[in-house]
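The structure under discussion appears below in the form of structure tokens.
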Amino acid sequence: ELPGFYYDSEKNRYFRLLPGHNNYNPLTKESIQYKAMECKRLRLLEEEEKQKKKTTRAGLNSSTLLQKRQLGLLNSTSYCRLVHELKVNCMQRRKIEIHSPDSSVAGTNNFKIIVADVACERIFTVNDVEHGGCKYGIINLSGLGKESLTVEMYDNLYFTNRKVNSVCWASLTHPDSHLCLMGIAETPGCASLLPASLFSSTNPGDRPGMLCSFKISTAWSCAWCLNPQADNCFSTGLTRRVLVTNVVTGHRQTFGTSSDVLAQQFATQTPMLYNGCRSGEIFSIDVRQRNRKGQSWKAIRLFHDSAVTSIRLLEAEHYLMAADMAGKIKLWDLRTAKCVKQYKGHHNEYAILPLHVNEEEGLLTAVGQDCYTRIWSLQDAHLLRTIPSPHPSSKDAIPSVVFSSRLGGSRGVPGLLMAVKQDLYHFSYN
């Protein structure tokens, strides 16, 4: 790079960056980088439409896999994992039609967050609205099994809230019966627990009210506990503290921290809550103990060099996946407190972006700040596929994704759902 010049690769020469009229210069480093990124995105989209996708591993194809399986060179676990890799590389994008009982509502607001329930039968959506708040809805995925890809979206027009930072499904009366929402009002913020039936298409007069709602300082994250030793509890990650609330009794526990808690997840086999902080620290809390002054209640402590934006416990709960604002994704062994794998290629500088771990398929999915969706192999951290966004990249157009081999329930359609701007896309996984 030469100061005051930029290099044009098409014309193979340098041009001087000069201030224009009224000190306005359209040729800035940012605009040149954006143009290069947009050219790359369009080229990748064109390649995908021409179905030029090749496997990222040399010599990997379905016939070779089957032959090795029959010869006993591959066990069933490795065979299934490699088959999933092949399917991921062959996924093709199709747009989904969104139907809503209120026709004026469907497809008019930008998607901000989509979160699937455990069975992947429903998707909770948070959409930005013009006046600065958010609108909530639930998408029923049962229509994905048909040839024409359509989904039903139910909005709750009676409950629109302030901006939302974090959402999680809660299992109070039955699996995924409620939703925890962490919102920002003007000041202070608000934590709400809503019944999912608020978003059903039943008679509006029968709608149950909010189960729990209280004012808090700015909330960054939330998590619901499925461990019976801390039943009916959800946690809230706040500025310099963690709040654990029992929904039934109303009892609250506060744990002071030295930094903002941006990511949380409860373990299911033990009553432990894992927290990722802005300082880069990851620590666990045993929620059965009484809170004490000082840092002595922190059990496991891990450290990243940058703010931790997402954490995911793996099924056996011996490993924890964490992503940070330096774009690093690390797999930690909780027994030795050491990093055992790094997943390279993720892009992040300041956004709170989630990780999606699918252990059954052996895949890790993450959307970067550059609006590319990347899929890695969980086993060896190999980058399997990079999916460009259908829309030009921008801060308000970072896609939100859900991946499952059972979208719509046990007999559902496998694939990747991508919500970006006002559109919903399905990447078929056959």
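The values are calculated or read from the model by the stated rules, or taken from the named source; none is laboratory data. None of the values given here were measured: they were computed from a predicted structure. No Cβ is skipped: glycine too gets one built from the backbone with ideal geometry, and neighbour counts run over all protein chains shown. Accessible surface is based on the protein model in full, side chains and every heavy atom, while ligands, DNA and RNA are left aside. Shrake-Rupley method; radii C 1.70, N 1.55, O 1.52, S 1.80 Å.
Remarks
- Hull volume per residue, based on the alpha-carbon atoms of the chain and their convex hull, is 195 Å³.
- Reciprocal of mean inverse Cα separation for segment 231-320 (Kirkwood radius, Å): 13.2
- Rel. contact order, % - alpha carbon contacts under 8 angstrom, at least six apart, the chain: 12
- The chain - share of DSSP beta bridges that are antiparallel (%, nearest 5): 95
- Among 328-337, 243-252, 364-373, 134-143, the order from most to least packed when residues are scored by Cβ within 10 Å on average: 364-373, 134-143, 328-337, 243-252
- Overall, the accessible surface of the chain at a probe of 1.4 angstrom is composed of carbon and sulfur to the extent of 50 percent.
- Value of Rg to Rh for segment 304-426 (Rh from inverse mean 1/r over Cα pairs, i.e. Kirkwood): 0.97
- Neighbourhood net charge (12 Å Cβ-Cβ; Lys/Arg +1, Asp/Glu -1) for Asp396: +2
- Unsatisfied cross-links (Cα-Cα over 21 Å) in the set Lys87/Lys330; Lys95/Lys163; Lys135/Lys395; Lys298/Lys338; Lys87/Lys338: Lys87/Lys330; Lys95/Lys163; Lys87/Lys338
- Positive minus negative residues near Gly345 (Lys, Arg vs Asp, Glu; Cβ under 11 Å): +3
- Using θ = phi - 60° and Karplus 6.51 cos²θ - 1.76 cosθ + 1.60, couplings along segment 298-313 (whole Hz; Gly, Pro as x): 6, 8, 7, 10, 10, 9, 9, 7, 9, 4, 7, 9, 7, 10, 9, 7
- When Trp220, Trp169, Trp376 are compared by accessible surface with a 1.4 Å probe, the order from highest to lowest is Trp220, Trp169, Trp376.
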